[in-house]
Amino acid sequence: MTKLFGITRKTIVAAVLLSAACVFGLLLSSCGAKQNSTDTDEVPLKKPEVEIKADDAYMTEAIEEALVGIYNGHGGPFGCVIVKDGKIVGRGHNMVLKNNDSTAHGEISAIRDAEQALRTYDLSGCVLYTTGEPCPMCLYAILWANIDKVYYGCTIEDNASIGFRDEEFDDLAGGRDSMKDFLTCIDRDACLKLFETYNNLEHSIY
């Protein structure tokens with residue numbers, strides 16, 4: 001039998017196979033540990049105790065997103081869905097507190113979700129529905145994503161009434177009067193009920 005540095009080829013092959021088996025076992029163990037950690041850390045979402053219906057079906061979906069967020073302490077009462085060709089392709093709600101991420105607004109979460117679902121950064125042909133008029137950051141992200149139209153529930157002034165400071169940044173950006181055709185308010189009464197529900201819950205302002 002052939003020897004290499006005094007070691008038989010059979011011994012070398014056995015050692016290689018054993019090493020490969022050990023590496024494979026470590027990989028499986030690591031994956032299992034991660035899976036178990038995820039399973040252990042994942043907390044079931046609380047079901048919202050209220051139901052709010054808007055006249056528009058897509059706004060109702062956005063409100064439902066927001067309710068899930070506020071009942072689970074994820075962030076403010078801002079839910080969002082993105083629609084293309086009559087189908088919801090992205091959804092999200094405010095996750096600022098849950099993720100410790102100041103940019104995790106409902107619109108941003110929904111844009112990311114839609115872009116992943118459609119496998120594109122270009123959301124041309126899409127319409128966005130959100131429970132609160134977008135802050136400047138979200139508004140410019142919407143424009144960058146090439147979204148065609150925005151329907152919002154509560155106004156910037158309504159946002160301020162529950163402790164959010166969008167107006168401050170609007171002043172820095174020069175206001176939004178030039179975007180009245182792009183931004184349309186619908187179902188404000190339903191979204192005000194959402195804000196009232198949020199106000200009645202224990203929550204943090206950020």
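The values are calculated or read from the model by the stated rules, or taken from the named source; none is laboratory data. In this text the structure is predicted, and so the values were computed from the model without any measurement. Positions of Cβ are generated from backbone atoms using ideal geometry, with glycine treated the same way; all protein chains shown enter the neighbour counts. Quick note on the areas: whole protein, heavy atoms, side chains included, nothing else; ligands and nucleic acids left out. Shrake-Rupley method; radii C 1.70, N 1.55, O 1.52, S 1.80 Å.
Key figures
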{"read-out": "Every residue from region 86-102 that is open to solvent by less than 50 Å² (accessible area, probe 1.4 Å) and within 14 Å of Cys135 (Cβ to Cβ)", "value": "Asn94, Val96"}
{"read-out": "Region 42-81 - residue that is small (Gly, Ala, Ser) and part of a loop (DSSP other than H, G, I, E, B) and, of those, farthest from Gly92 (Cα to Cα)", "value": "Ala54"}
{"read-out": "Unique residue being aliphatic (A, V, I, L, M), closer than 15 Å to Glu202 by Cβ and crowded, with 21+ Cβ neighbours inside 10 Å when the list is Ile70, Ile82", "value": "Ile70"}
{"read-out": "Qualifying residue in region 131-150 (condition: out of contact with any Lys or Arg (no Cβ under 8 Å at 6 or more places or on another chain), touching a residue at least 24 places away in the same chain (Cβ under 8 Å), among the basic types (Lys, Arg) and within 23 Å of Gly69 (Cα to Cα))", "value": "no"}
